[in-house]
Amino acid sequence: MLTLLFDGIAYGMLLFVLAVGLAVTLGLMNFINLAHGAFAMAGGYITVLLMNRLGVPFLVTLPLAFLGTAVMGAVLEPLLYRRLYGKPHLDQVLFSIGLVFMAVTGVDYIIGSMQQNITLPTWLQGRFDISWIGIGKYRLFIIVVCAALTIGLQWMLSNTRLGSQLRASVDDPRVAGGLGLNVNRIFLLTFAVGSGLAGLGGALGAEILGLDPSFPLKFMIYFLIVVSVGGTTTLTGPLLAALLLGIADVAGKYYVPKLGAFIVYTLMIVILLLRPQGLFARAGGGK
């Protein structure tokens, strides 16, 4: 039981890092980016290709996955995404889902449809057996890395000048621009960081979640659950939602494999019926 709980927490932390960029773009930038999973897939493939074809050590590929997808986000934001800011959400959904299918098709054509595998370093393989709980070394590594990222991101949004500038730019771009803030640059940087976090999550999750061209489609619903259930006004909500989703998914697949997904969706529906604006929405609703 405790082993399942530990694995569920690790899975939930991984889902949070994968989805937090979507929470930021949706909650702070008011943009529905369903192509978020494509950046996660890109980070996973960066890690796989660097390790399997060039022999780059696993730990070295992680910052490269972040930087690579952050650069992609920085290029695509002014080139494509910025044109959709302020447009109806349906336009944003259709645009971003189109990017997903383009990414899936492109990766399938260039790399192939086979599942990609990586070999973790020896020190991340196996598990610690302590009393009646087995702690997977790689899952413990994921928890530590994701917890550090969560704390750092929360601190950045709450206590830095960039976080204040971002909130001001979202609340009223015209006033923020009149005060001398470069709103476009702030949005570009925010989008790039969100894309980079998705890529890092994809790199960390390649060994656990599996990686193939359908990755963005398979996990799109999980990202949306984390954001919709957790709410988008704070990072605490998506974090709690990701942990609940991870624990419920792992426990459901272990105890009732045929009903695993049913349990997750039932939990989502119950929470949204009780808290339509998410677990940690501001009083009166959120954005």
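The values are calculated or read from the model by the stated rules, or taken from the named source; none is laboratory data. This is a predicted model, so every value here is computed, not measured. Neighbour counts are summed over all protein chains in view; Cβ atoms, including those assigned to glycine, are modelled from backbone coordinates with ideal geometry.
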| Quick check: is even one residue across the stretch 179-194 surrounded by fewer than 20 Cβ atoms within 10 Å (Cβ to Cβ) and farther than 28 Å from residue 71 by Cβ? | yes
| said: Given the options 34, 22, name the one that is assigned to a loop (DSSP other than H, G, I, E, B) and buried (at least 20 other Cβ atoms within 10 Å of the Cβ). | reply: 34
| said: Criterion first (surrounded by fewer than 21 Cβ atoms within 10 Å (Cβ to Cβ) and closer than 30 Å to residue 119 by Cβ) does residue 222 satisfy it? | reply: yes
| remark: Checked 150, 160 against criteria (buried (at least 16 other Cβ atoms within 10 Å of the Cβ), under 15 Å from residue 193 (Cβ atoms) and β-branched (Val, Ile, Thr)); the one match is 150
| task | Test each condition in (1) at pLDDT 85 or above; (2) surrounded by fewer than 21 Cβ atoms within 10 Å (Cβ to Cβ); (3) not in a helix (DSSP H, G or I); (4) not β-branched (Val, Ile, Thr) for residue 213 and report the one that comes out false. | result | (2)
| note | Among (1) at pLDDT below 90; (2) part of a loop (DSSP other than H, G, I, E, B); (3) surrounded by fewer than 24 Cβ atoms within 10 Å (Cβ to Cβ); (4) out of contact with any His (no Cβ under 9 Å at 6 or more places or on another chain), residue 56 falls short only on (1)
| message | Condition check: touching a residue at least 24 places away in the same chain (Cβ under 8 Å), in a helix (DSSP H, G or I) and not hydrophobic (A, V, I, L, M, F, W, C). Does residue 246 satisfy that? | response | yes
| query | How many of the residues in the stretch 184-214 are out of contact with any Leu (no Cβ under 9 Å at 6 or more places or on another chain) and not aliphatic (A, V, I, L, M)? | reply | 6
